[in-house]
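What follows is one structure encoded as structure tokens, with my remarks underneath.
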Amino acid sequence: MNILITGANGFVGSALCQATWPANTLVLAAVRSEDAISACPSHVKPLVIHSLFDLVQRTDILSQIDCVIHLAARVHQKTETFADSLPAFLELNTFATAELAKAAVKAKVKRFIYLSSIKVFGSTSTEQHSFNELDPLTPDDPYGYSKQQAERLLSVIADNTDLEVVILRPPLVYGPGVKANFLQLLKAVQAGIPLPLAQVNNCRSLLFVGNLIDAILTCVTHPSAANQIFIVSDGEDISTSDLLNRTGLALNRPTPLFPLPLSWLKVLGYCTGRTSQVDRLLSSFSTDSGKIRKMLDWQPPFTLEQGLLATVTWYLQSQQR
């Protein structure tokens with residue numbers, strides 16, 4: 001089997017390239033330069049491309065592929081406004097995705113796995129409801145909207161061609177190599193910074209990168225995955241305060257949390273220009289991954305505890321380099 005991975009040098013893509021693949025599998029890792037991907041197993045070969053639109057033209061490559069795993073995406077940059085960034089999100093996350101799927105159809109690729117996002121549901125849920133695949137899509141930022149539109153176009157392609165499309169919707173993914181907000185959380189806990197989050201009792205779903213990789217590998221070959229949408233998570237929801245405490249335990253550093261009314265925290269977020277960051281810390285975002293467990297008989301191989309320990313171990317080792 002021949003596999004093509006886009007976004008192969010990203011957080012998830014790098015972990016996927018290092019995964020244990022079935023025998024006689026050739027993995028092509030699409031990157032912008034061979035230096036962008038290193039220390040890969042012998043069955044993983046770099047494919048240098050300038051952009052996804054260039055890859056669309058590579059019929060010589062696509063005609064040899066059995067399954068495309070499309071991970072490449074544009075994520076929000078701190079310095080840009082949402083309104084100004086929408087065209088850029090749509091260009092890469094929506095239109096380039098659709099063009100790649102159309103090219104896969106022409107090349108007679110059998111399966112197309114698309115890494116979408118739980119952000120197609122928006123940014124929050126209630127504590128009483130966990131999002132499932134039947135819930136309406138209500139994205140509230142350009143990233144989530146671009147992912148929703150990509151899903152829509154891929155569904156049309158799947159309905160009208162022989163291409164088997166599989167869409168995965170993960171929540172926040174963490175693990176060795178994680179960046180952005182989760183990395184900042186690790187740094188804050190290690191530094192022993194007192195945090196006013198002791199009263200935060202929200203409910204959020206997470207996904208360890210090792211569990212996501214296992215779900216992707218399952219979807220590559222499982223016949224029942226064809227033309228399905230799956231929410232994937234660790235299956236254990238956690239509050240922000242509990243996450244901080246458990247991270248502190250893994251780091252062997254007590255987490256000094258103190259109580260502050262949630263209304264005060266929201267005011268502080270507004271006054272410091274960090275409303276979105278504070279909202280993520282305080283709000284709930286729960287998901288139900290029951291469908292993939294039942295339909296594909298999939299179970300996450302790692303618990304939340306194991307995922308946090310692996311992440312912390314990587315983080316401490318990275319500090320020593």
Quiz item: Could we say that Asn211 is of a type outside the set (Lys, Arg), at negative phi, under 21 Å from the mean Cα position of the chain (by Cα) and buried (at least 22 other Cβ atoms within 10 Å of the Cβ) here?
Solution: yes
Exercise. Among the residues of segment 50-60, write down those that are closer than 26 Å to Pro22 by Cα and surrounded by 15 or more Cβ atoms within 10 Å (Cβ to Cβ).
Key: Leu55, Arg58
Self-check item: Where Ser283 falls short, out of the listed (1) within 22 Å of Gly248 (Cα to Cα); (2) modelled with pLDDT of 95 or more
Solution: (2)
Exercise. From the list Leu115, Leu137, pick out the single residue that is farther than 19 Å from Ser63 by Cα and under 17 Å from the mean Cα position of the chain (by Cα).
Key: Leu115
Quiz item: Of all residues in segment 56-94 being part of a loop (DSSP other than H, G, I, E, B) and hydroxyl-bearing (Ser, Thr, Tyr), which is modelled with the highest pLDDT?
Solution: Ser63
Quiz item: Which helices (runs of 4 or more DSSP H) does segment 204-321 wholly contain that include 2 or more residues that are among the β-branched types (Val, Ile, Thr)?
Solution: 209-221, 240-251, 275-282, 304-319
Practice problem: May I ask you to list pairs of residues, at least six apart or on different chains, whose Cβ atoms are under 8 Å apart, with the first in segment 186-204 being under 23 Å from Ser130 (Cα atoms) and the second being among the charged types (D, E, K, R) and surrounded by 15 or more Cβ atoms within 10 Å (Cβ to Cβ)? | Solution: Cys203/Asp237; Arg204/Asp237
Quiz item: Can you tell me which residues in segment 107-154 are over 22 Å from Val173 (Cα atoms), in a helix (DSSP H, G or I) and out of contact with any helix residue (DSSP H, G or I) (no Cβ under 7 Å at 6 or more places or on another chain)?
Solution: Arg152
Quiz item: Looking at (1) farther than 24 Å from Ala310 by Cα; (2) touching a Lys or Arg at 6+ places or on another chain (Cβ under 9 Å); (3) surrounded by 15 or more Cβ atoms within 10 Å (Cβ to Cβ); (4) without any contact (Cβ under 8 Å) to a residue 60 or more places away in the chain, can you tell me which one Ser283 breaks?
Solution: (4)
Exercise. Provide a single number: the residues in segment 51-60 that are of a type in the set (Val, Ile, Thr) and within 26 Å of the chain's Cα centre (by Cα).
Key: 1
Quiz item: For Ile238, are the conditions met, namely being under 22 Å from the mean Cα position of the chain (by Cα), within 30 Å of Ile3 (Cβ to Cβ) and in contact (Cβ under 8 Å) with a residue 12 or more places away in the chain?
Solution: no
Self-check item: Subset of segment 20-48 (residues that are part of a loop (DSSP other than H, G, I, E, B), touching a strand residue (DSSP E or B) at 6+ places or on another chain (Cβ under 9 Å) and either modelled with pLDDT of 90 or more or under 16 Å from Leu212 (Cβ atoms) (or both))
Solution: Trp21, Thr25
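Table: residues versus (1) among the hydroxyl-bearing types (Ser, Thr, Tyr); (2) under 21 Å from Ser123 (Cβ atoms); (3) surrounded by fewer than 19 Cβ atoms within 10 Å (Cβ to Cβ).
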position	(1), (2), (3)
Leu183	no, yes, yes
Ala191	no, no, yes
Leu206	no, yes, no
Ile231	no, yes, no
Leu244	no, yes, no
Thr247	yes, no, no
Arg253	no, no, yes
Quiz item: Since Gly177 meets every condition but one in (1) closer than 27 Å to Ala23 by Cα; (2) at pLDDT 95 or above, which condition does it not meet?
Solution: (2)
Quiz item: Applying the selection to segment 122-146, what residues are touching a residue at least 60 places away in the same chain (Cβ under 8 Å), in contact with a Ser or Thr (Cβ under 9 Å, 6 or more places away or on another chain) and not polar (S, T, N, Q)?
Solution: Glu127, His129, Phe131, Asp141, Pro142, Tyr143
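The values are calculated or read from the model by the stated rules, or taken from the named source; none is laboratory data. Computed from a predicted structure; not experimentally measured. Don't worry about glycine lacking a Cβ; one is built from the backbone with ideal geometry, like all the others, and counts go over all protein chains shown.
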